[in-house]
Amino acid sequence: MDVTERSGALKTRRYLFEQRNSLGFVAEVARGHGWTLPDEPPRLPPDHAGPVRVLLEILPGLRLLYENDPARPNSYVQAIGDSGLGPDIVDHMMAVFRAYPGILTFEALLDDLDAATETEARDVAVRRAGLGAPAQMDERLVARITECATAKDKRLREGALCAIGYTEWPVFLPLVRKMAAEDRKRSLRAAAKLTLKAYELVGLTDSR
């Protein structure tokens, strides 16, 4: 089950779409299941680049988030539910998206990261893998993000730090503290401090 609890809410992993503009598919699924669509669905910009954020009410206390933001490597869907619902209910509603061929599996995200040898491609791939990371920590991705976080190239360290922010895995806290104190670039030291603050705000510590 791919669900974790953050700030009193249950959240699934983010399910990343291969296609940037996938709002039409999400709306089709919503209509087919009788989910409540917004009274005025957002209109996509002419270039379909976003940003678009749609929150669908599935049932009281259970929502589906679709987000397409140019600042993120892919558009995605994520289920968010009140903690009282229980993780089974929150996870179950994502079954239709897990079965959709246009969703990138976590294994595919790891494969793409391993295949990316050029700096620019690897930067995008590590961010994407972090965005689509499982709710529960995965050692394989930890190793790959750590490798990027300790690379000589600033872009890879920056991408790794972004991925760490997406994962919300406490295992990264010692690494982020080290980056905040010792990274060669002032901008990355500052970004690492912001990441530590973000972890603190959702109650993440070394023991969680």
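If a paramagnetic tag sat 7 Å from the Cα of Asp153 along the Cα-Cβ line, which residues of region 111-133 would have the backbone N under 15 Å from that point? Inside the label zone: 113-128. Using a simple spin-label model with pseudo-atoms 7 Å out from Cα toward Cβ, Arg31 and Ala99 lie 2.0 nm apart.
Only helices enter the 222 nm calculation for the chain: every DSSP H run of n ≥ 4 contributes -39,500 (n - 2.57), and dividing by all residues gives -13500 deg cm²/dmol, rounded to 500. Comparing Ser187, Gly165, Pro134 along the charge dipole axis of the chain, the residue lying farthest to the positive side is Ser187, per the Cβ-charge model.
Can you sort Arg184, Arg128 by how many other beta carbons sit within 10 Å, fewest first? Working shown, then result.
Values: Arg184 10, Arg128 23.
Final ranking by Cβ density, sparse to dense: Arg184, Arg128.
Straight-distance candidates among the aspartates and glutamates for linking to Lys193, with alpha-carbon spacing under 14 Å and chain neighbours fewer than 8 residues away dropped: Glu158, Glu182, Asp183. The three principal axes of the Cα atoms in the chain give end-to-end lengths of 52, 39, 28 Å, sorted in falling order.
Every number here is computed from the coordinates shown, using simple stated rules; none is lab data. For clarity, every value in this text was computed on a predicted model and none was experimentally measured. With ideal geometry, Cβ positions are generated from the backbone for all residues, glycine too; neighbour counts draw on all protein chains shown.
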